[in-house]
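Here is the structure we will look at.
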Amino acid sequence: MQRRTFLQSLLTSAAIIGTPMWASRALAAESTATIVGGVSVENLPELSGDLTLYLGRGEGGLYEKVLQAISDRNPKLNLKIRRGPTAALANSIVAEAKAGVRRADIFWAVDSGAIGLVTDAELAQVLPSDLQEQLKSGFQYPNWAPVTGRIRTLPYNPQRVKAEQIPSDIMALADSDLSIAWAPAYASFQSFITAMRLLEGEQATAHWLRAVNKRAKSYAGELGVVMAVERGEVDVGLANHYYSLRLKSGKPNANIALAFTDNDAGCLINSSGVLALKDSATATNFIRYLLSREVQSYLATEAYEIPLVKGIAPPPGLADISNIRPPKIDLTKLADLRPTLKLMRDVGVL
């Protein structure tokens, strides 16, 4: 069987499921001169044998397309996938280990908090140093690899407010007169509040929540937040960056712009992540595929996520994140949501 390039495999998979949009974007991403980093799959070993992956749900099936492309390229790989909510899968991994069972070889989580549950239980294998070194500074961990990032932003409607009216300090938003959209029940928002609690303390976070709650409108998710901002229902929102970029991709003239705070929870870069649960060359090399140039570029152009491998171009429409100062925080510390949820309930947000 003649081996096709990884890009061709992705294009074929996309055509089968009726998503030709991926083809043009993938070709554009692969051909652009700005993509200079990452290891190409052409230089990775072939995968073979049985491999069980626990996959957290997310990104509208885009992760599934990546997995299909990896399987297409590696016909000797027998990839078995268990799908479910990321937090539930993390809890299953820990429970299985306590029962003396390790069913999963790989865990690909859409949230670093779930990764923290597993690493805190000391179930993750140490990764090779060359794999860690591919990742950007601040995202190198000994026993898990961030795959792609998402940055907290303040999407705003430029027809209602000017950029200079948006505070550069997330804590100052509580004392502004801006109307706000948020999604308190959304997992990404709760991770953001966890980061605020760790960085600013419980009392300051409680004050912030109470103050914002007085003039905030709640939505079911952060896409709803961004759409509300664009419609002019509010001045500003709290959301991950890619919701605004996806809206702009389908509606280029959308009344939405992005502001960033400085060195606080308001510009936290959280990430999806992957870890190996067994000492296996196949498992480790599978992680290398997720960090490959092709996969990183695909997730940037299709999911609008931030590549965390050095030298890969950011998603179209996102400012250079080297000019943004996210807070320094161990992302696995976002795992314990219980104090955050209690605090949010106590102040009447949930």
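Here, each number is a calculation from the coordinates, and none is a lab measurement. Everything numeric here is computed off the predicted structure, so don't read it as measured data. Every residue, glycine as well, gets a Cβ built from its backbone with ideal geometry; the counts of neighbours run over all protein chains shown.
Key figures for this structure:
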item	result
GNM flexibility winner over the chain from ALA265, ALA145, ALA121 (Cα, springs under 10 Å)	ALA121
Acute angle (nearest 10 degrees) that the helix 187-200 long axis makes with the longest principal axis of the chain, alpha-carbon atoms	70
Most mobile listed residue (GLN68, GLN203, GLN134) in the chain, GNM with C-alpha springs under 10 Å	GLN203
Cα Rg, Dmax (largest Cα-Cα span) when computed across region 71-191, Å	19.9, 60
Structure-based [θ]222 nm, the chain - -39500 (n - 2.57) summed over DSSP H runs of at least 4, per residue, nearest 500	-11500 deg cm²/dmol
Convex hull (Cα only) mean projected area of region 173-328, reported in nm² to one decimal	10.8
Rg [Å, one decimal], Dmax [Å, integer] - the chain, C-alpha atoms	20.3, 64
Surface/4 estimate of mean projected area, convex hull on alpha-carbon atoms of region 242-350, nm²	9.8
Segment ASN78-GLU64, extension gain: residue separation times 0.36 nm, minus the distance between their alpha carbons	3.5 nm
Per-pair calculated FRET efficiency, R0 = 41 Å: ARG57 and ASN253 via Cβ, rounded to 0.05	0.80
Sorted largest first, extent of region 52-123 alpha carbons per principal axis (Å)	34, 26, 16
Region 110-219: relative contact order as a whole-number percent, Cα under 8 Å and 6+ apart	22
Karplus 3J(HN,Hα) series, Hz, for region 135-144 with 6.51 cos²θ - 1.76 cosθ + 1.60 (x for Gly, Pro)	7, 5, 4, x, 10, 9, 10, x, 10, 7
Computed over the chain: relative contact order in percent, which uses C-alpha pairs under 8 Å that are six or more apart	27
Net charge, CYS267 excluded, C-beta distance under 10 Å - Lys, Arg +1, Asp, Glu -1	0
Candidates LEU238, LEU199, LEU117, ranked by Gaussian network fluctuation over the chain, Cα under 10 Å, top entry	LEU199
Size of region 112-253 as Cα extents on the principal axes (Å, biggest first)	50, 40, 27
Computed over region 94-168: relative contact order in percent, which uses C-alpha pairs under 8 Å that are six or more apart	21
Under-5 Å amide H pairs with ASN143, H placed in peptide plane, nonlocal only	LEU127
Rounded to 5, percent antiparallel among DSSP beta bridges of the chain	55
Stretchable slack from LYS162 to ASP336, in nm (0.36 nm times residue separation minus alpha-carbon distance)	59.0 nm
Under-5 Å amide H pairs with ILE81, H placed in peptide plane, nonlocal only	LEU53
Note, ³J(HN,Hα) from phi for region 175-182, Karplus 6.51, -1.76, 1.60, rounded to Hz, x at Gly and Pro	9, 7, 9, 6, 7, 10, 10, 8
